[in-house]
Every structure is written in structure tokens, then in C-alpha cells.
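Working notes, structure below.
The values are calculated or read from the model by the stated rules, or taken from the named source; none is laboratory data. Keep in mind it's a predicted model, so treat the numbers as computed, not measured. Here Cβ is always computed from backbone atoms with ideal geometry, including for glycine, and neighbour counts include all displayed protein chains. Note: areas computed on protein heavy atoms with side chains; ligands, DNA, RNA excluded. Shrake-Rupley method; radii C 1.70, N 1.55, O 1.52, S 1.80 Å.
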Amino acid sequence: MFEVYKEELEKLKKDTHFRSIKDYGFKDGKYINLDGQNLINLSSNNYLGFADNEEITKEFLEFAGADYSFGSASARLLTGTLPVYKELEDLLCKMFKKDGALLFNSGYHANVGISSSVASKGDVIFSDKLNHASIIDGMKLSQAKFFRYQHNDMESLERLLIRERKNFNNAIIVTESVFSMDGDIADLQKIVELKKKYDCIMIVDEAHAFGVFGENGLGVSEVLNLTSEIDLIVGTFGKAIGSMGAFAVANKIIIDYLINKARSFIFSTALPPISIAFSKWVIQNKLSITFAKRQKMLELGKKLGSESHIIPVIIGGNFETEQMCKRLFDAGYFTLPIRPPTVPEGTSRIRLSLTTDIEERDLDKLCSITGLTDKITVSL
């Protein structure tokens with residue numbers, strides 16, 4: 001009875017789509033230790049180096065002591081909550097100047113729960129074509145109709161709004177701010193204009209921008225002074241903050257609605273209190289002092305031809321991408337191939353993910369190997 005699964009796995013292997021979980025070890029945020037070889041890690045979302053920083057961990061544990069447990073043992077609507085959850089939500093409200101916030105177990109939980117609940121039968125969602133899989137899955141689980149506009153193409157979005165908005169009750173426009181696989185930035189200013197013009201709710205996923213962009217680390221919306229104009233903002237703790245979990249900030253009506261309707265929140269055991277405490281501690285004590293480092297990292301991204309700290313090196317074929325990763329491995333870089341279905345067919349790539357620990361000199365050889373040197377105007 002397992003033959004169908006075996007056949008599918010063999011097909012994945014033949015097409016170079018097969019994935020497996022590998023055993024890696026991290027060291028000092030910058031290098032990954034693999035088979036005893038130190039490599040520059042360019043595949044992590046640990047943008048600020050907090051996730052595996054021994055000094056940060058030691059300092060937090062000295063602060064936390066035995067005050068926070070390692071398990072919640074229940075969903076938050078039952079017994080799985082403590083004051084620290086509300087303290088973090090209140091902190092996020094204050095930072096974003098919103099009157100409601102809600103914690104989720106991951107960015108996936110957040111986007112699936114939000115997209116599947118805020119739009120109901122008779123409603124419509126307009127989504128950027130390259131939005132994360134979690135947003136797409138949430139839309140599929142909703143009872144709403146959804147349309148995907150061409151990536152970052154505001155004319156494509158407005159054409160859909162003109163054609164379809166009048167046919168539905170509530171309308172939602174959803175986009176990432178920094179796109180996770182391409183590193184480019186959404187035209188949030190124009191989307192704000194369109195959401196007002198066509199009476200829509202606007203949702204922005206700042207997963208890869210929270211903790212990176214803006215003086216306070218709030219994301220692209222802070223840089224553009226748009227946080228008050230965006231109806232619902234999603235962010236994660238599992239990337240720049242070096243912890244786990246995610247959040248949504250919005251007005252209290254939307255947050256109360258999510259508490260009652262978002263199944264990924266209602267039916268999930270809450271994150272461990274110590275993880276919530278760590279996220280809160282990092283945001284309060286460490287995020288603000290990283291501004292100069294974050295700006296330097298973003299400038300390095302610009303030199304490599306990106307709008308952000310994420311640089312896509314599009315190879316095309318799966319096999320060729322894997323071969324490039326092997327070449328980089330031999331040269332001292334740890335990169336992983338990004339293949340369909342994560343990205344469209346024919347666009348397999350290496351996603352270079354910068355951190356604040358990486359210096360220009362670390363990338364000299366990489367630029368030569370990947371051909372990035374030909375794409376930038378500033379010499380590394």
C-alpha cells in the first residue's frame with residue numbers, strides 16, 4: 001500500500017526535488033560546523049546572530065533564572081498562558097502603536113490562521129503572486145475567493161480591483177514587505193493608496209523585515225512611516241529575534257476576531273513561557289543597540305544588487321543549482337539550493353542570507369564563483 005509514496009519519492013529524486021533533513025551544528029552565529037569544517041553560513045535567517053550566541057543565552061538565563069517554565073501544556077484559551085504572554089503583546093502594541101496584538105506559534109501558524117479567518121464566504125483576497133506558502137495555504141482554507149496579482153505589479157493589482165472589488169463584501173490585500181525568496185520590497189505606499197481607493201483591508205507580512213528594518217526594528221512599514229496606515233501587520237520572532245513564534249498587531253476588533261476564529265491559534269498548545277520571555281527580553285534589551293550593524297548589513301545587500309539583506313542568485317535548473325552549492329561548499333560557504341515548489345519551475349536558486357556578523361571580505365570569493373561580481377557596481 002506504500003508503493004504510491006515510494007514512486008513519488010523516486011520521481012522527486014529523479015527530478016532533483018528530493019529533500020532530506022541534515023545534521024548541522026552552529027557556532028557564533030556566523031559559521032556552521034559540518035563534518036569538522038567551518039563554513040560561512042549564508043542560509044540562515046539568524047540575521048542578528050542572537051539564535052546561537054552563547055553570551056546572549058547566558059545573559060538571558062541569568063536574567064530569567066527559574067521564573068519561566070519550558071512548557072505551557074495547553075492552548076492559551078484554556079490554561080496555557082501566563083502574564084509574560086500579555087506583557088509581550090502589550091509591548092508590541094506600544095511599539096507599533098496599535099491597540100491589539102496576538103501571539104502565534106510560528107509565522108506559518110499566523111498566516112494560515114489569519115488568511116483563513118479574516119475572509120469569509122462573499123469576501124475576496126488579493127495576494128501578491130510570490131507571497132509565502134503560508135499565506136497561500138491560508139487563502140485556500142478560507143471560504144473566500146482569491147486572486148493573485150503579478151509580483152509587485154501595482155497595475156496588475158489595480159486591474160483586479162477594478163474588475164472584482166465590486167463583486168464582494170470585504171476585500172483584503174495581502175503582501176510580504178521583504179519577499180523571502182527574492183529579497184525585493186513591496187510598494188507599500190502604493191498599496192496603501194489602493195486599499196483606501198477601493199475600500200480594502202491591508203495585511204503586511206514583515207517576517208523578514210521585523211528586527212532588521214527601521215530604527216526600532218519594526219520593519220519596512222516603519223521606514224516608510226506607514227504602520228498606522230496598515231490594518232494588520234504580521235511579524236516573527238524566529239528570524240532576526242533568534243527565538244520562536246510570531247505575532248499579529250491590529251485594532252482590537254480584528255485581534256478579538258482572530259482569537260475567536262483563527263483555528264491555528266485556538267487549537268495549538270501555546271509556546272513555552274521561556275521562549276516568550278526570551279523574545280520579550282531581546283526586543284527590550286538588544287534590538288535597539290543593533291541599528292548601526294543592521295544598516296551596515298543592508299548596505300552590503302545593496303552592493304550585491306538587492307533591496308535587502310536577502311540576495312537571490314538564480315541558477316535555473318535543480319541540478320545546476322546543487323552543483324553551484326557544492327562549489328561554494330568547497331570554497332568555504334554553506335548555502336542550500338532553493339528549488340520548486342518553494343520557487344517557480346526554472347528559477348532554482350541560491351538564497352544568500354546576510355547577517356550582521358558577515359563582512360565584505362567574507363564574500364570576495366563567493367562573488368567571483370557565483371558571478372555576482374558582474375552584477376554590482378561597488379567592488380568588494
- prompt: So which residues in the range 102-150 are acidic (Asp, Glu) and either assigned to a loop (DSSP other than H, G, I, E, B) or touching a helix residue (DSSP H, G or I) at 6+ places or on another chain (Cβ under 6 Å) (or both), if there are any at all?
  reply: ASP123, ASP137
message: So MET244 passes all but one of these: (1) closer than 16 Å to ARG294 by Cβ; (2) of a type outside the set (D, E, K, R); (3) surrounded by fewer than 21 Cβ atoms within 10 Å (Cβ to Cβ). Which condition number does it fail?
response: (1)
field: Qualifying position, being closer than 24 Å to ARG339 by Cα, modelled with pLDDT of 95 or more and hydroxyl-bearing (Ser, Thr, Tyr), among SER115, SER134
entry: SER134
- line: Here the qualifying pairs (Cβ atoms under 6 Å; residues six or more apart or on different chains; first in the range 328-349 and farther than 20 Å from ASP364 by Cα and of a type in the set (Lys, Arg); second open to solvent by 10 Å² or more (accessible area, probe 1.4 Å) and assigned to a helix (DSSP H, G or I)) come out as ARG339/ASN318
message: Among the residues that make up the range 44-57, is at least one of them over 17 Å from ILE274 (Cβ atoms), at pLDDT 90 or above, among the small types (Gly, Ala, Ser) and under 24 Å from the mean Cα position of the chain (by Cα)?
response: yes
message: For the range 81-118, give me the residue count where each residue is surrounded by fewer than 17 Cβ atoms within 10 Å (Cβ to Cβ) and not hydrophobic (A, V, I, L, M, F, W, C).
response: 7
message: Exactly one condition in (1) farther than 20 Å from ILE233 by Cα; (2) in contact (Cβ under 8 Å) with a residue 40 or more places away in the chain is false for GLU176; which is it?
response: (1)
task: State which residue pairs qualify: first residue without any contact (Cβ under 8 Å) to a residue 40 or more places away in the chain and inside the range 254-281, second residue open to solvent by less than 20 Å² (accessible area, probe 1.4 Å) in any location, beta carbons under 7 Å apart, and separation of 6 or more residues or different chains.
output: SER275/GLY245
field: Tally, over the range 72-86, of residues that are in contact with a helix residue (DSSP H, G or I) (Cβ under 8 Å, 6 or more places away or on another chain), in a loop (DSSP other than H, G, I, E, B) and hydrophobic (A, V, I, L, M, F, W, C)
entry: 2
statement: Log entry, pairs with first residue in the range 215-230 being under 18 Å from LEU298 (Cβ atoms) and open to solvent by less than 10 Å² (accessible area, probe 1.4 Å), second being small (Gly, Ala, Ser) and not in a loop (DSSP other than H, G, I, E, B), beta carbons closer than 7 Å, six or more apart or on different chains, reads GLY219/GLY235
- prompt: Applying the selection to the range 57-71, what residues are open to solvent by less than 80 Å² (accessible area, probe 1.4 Å) and either in a helix (DSSP H, G or I) or basic (Lys, Arg) (or both)?
  reply: THR57, PHE60, ALA64
query: Do you know which residues across the range 179-197 are without any contact (Cβ under 8 Å) to a residue 40 or more places away in the chain and assigned to a loop (DSSP other than H, G, I, E, B)?
result: ASP187
message: I'm told PHE50 meets every condition in (1) farther than 25 Å from LYS293 by Cα; (2) in a loop (DSSP other than H, G, I, E, B) except one. Can you identify the failing condition by its number?
response: (1)
message: Against the conditions (1) surrounded by 19 or more Cβ atoms within 10 Å (Cβ to Cβ); (2) in contact with a strand residue (DSSP E or B) (Cβ under 7 Å, 6 or more places away or on another chain), where does SER156 fall short? Just the number, please.
response: (1)
- prompt: So which residues in the range 255-287 are under 13 Å from PHE60 (Cβ atoms), open to solvent by less than 10 Å² (accessible area, probe 1.4 Å) and not in a helix (DSSP H, G or I), if there are any at all?
  reply: none
Residues (closer than 12 Å to VAL204 by Cβ, of a type in the set (A, V, I, L, M) and open to solvent by less than 30 Å² (accessible area, probe 1.4 Å)) located in the range 160-190: ILE172, ILE173, VAL174, VAL178, ALA186, LEU188
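Could you grab me the full set of residues in the range 313-334 that are more than 16 Å from GLU345 (Cβ to Cβ) and part of a strand (DSSP E or B)?
Those that are more than 16 Å from GLU345 (Cβ to Cβ) and part of a strand (DSSP E or B): VAL313, TYR333, PHE334.
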field: Answer residue from the range 298-346, given it is within 23 Å of the chain's Cα centre (by Cα) and of a type in the set (Lys, Arg) and is surrounded by the fewest Cβ atoms within 10 Å (Cβ to Cβ) among those
entry: LYS302
field: Qualifying residue in the range 252-266 (condition: of a type in the set (Phe, Trp, Tyr), in contact with a helix residue (DSSP H, G or I) (Cβ under 9 Å, 6 or more places away or on another chain) and under 14 Å from ALA75 (Cα atoms))
entry: yes
message: Restricting to the range 86-97, name every residue that is over 21 Å from the mean Cα position of the chain (by Cα) and in contact (Cβ under 8 Å) with a residue 24 or more places away in the chain.
response: GLU87, LYS97
